[in-house]
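Reviewing the structure listed below.
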Amino acid sequence: MKRFDGDVTKWCTFVDVYEASVHLNTSIATIDEFKYLNSLLEKTDSEAIAGLSISTANYEEAIAILKARFGNKQMIINKHM
């Protein structure tokens, strides 16, 4: 998988591939999903979730933060224009 570099125009592709490969894969433990997610984020992107310790309890919160920050449809449209 390619790392996410913060370009919101690439967010939808990144999150779709990540979810199909990791997030929805029931054979991967949640803590490992979080570690994998963290390893795929560039430095500036990982700062969005830097305050969260890598734990099973914080994984869903990290996903929600990233989706709110980079998945804003209007922001993506504006960037394309």
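Here is how the numbers come out for the structure above:
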read-out	value
Filtered residue count, the range 1-60, keeping only those that are without any contact (Cβ under 8 Å) to a residue 40 or more places away in the chain, within 20 Å of residue 75 (Cβ to Cβ) and aromatic (Phe, Trp, Tyr)	2
Restricting the range 4-51 to residues that are part of a loop (DSSP other than H, G, I, E, B) and modelled with pLDDT of 95 or more, the residue that is farthest from residue 67 (Cα to Cα)	27
Among (1) of a type in the set (A, V, I, L, M, F, W, C); (2) in a helix (DSSP H, G or I); (3) modelled with pLDDT under 95 - the single one residue 1 does not satisfy	(2)
Unmet criterion (only one of (1) on the phi < 0 side of the Ramachandran plot; (2) touching an Asp or Glu at 6+ places or on another chain (Cβ under 8 Å); (3) assigned to a loop (DSSP other than H, G, I, E, B)) for residue 66	(3)
All positions within the range 18-63 that are among the small types (Gly, Ala, Ser) and over 17 Å from residue 4 (Cβ atoms)	27, 29, 51, 53, 55, 57
Residues satisfying the stated conditions in the range 30-81, i.e. surrounded by 12 or more Cβ atoms within 10 Å (Cβ to Cβ), more than 14 Å from the chain's Cα centre (by Cα) and small (Gly, Ala, Ser)	55
Search result, residues across the range 69-81 that are in a helix (DSSP H, G or I) and in contact (Cβ under 8 Å) with a residue 40 or more places away in the chain	70, 75, 76, 79, 80
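The values are calculated or read from the model by the stated rules, or taken from the named source; none is laboratory data. Since the structure is predicted, the reported quantities are computational estimates derived from the model, not experimental observations. We place every Cβ from the backbone using ideal geometry, glycine too, and count neighbours over all the protein chains shown.
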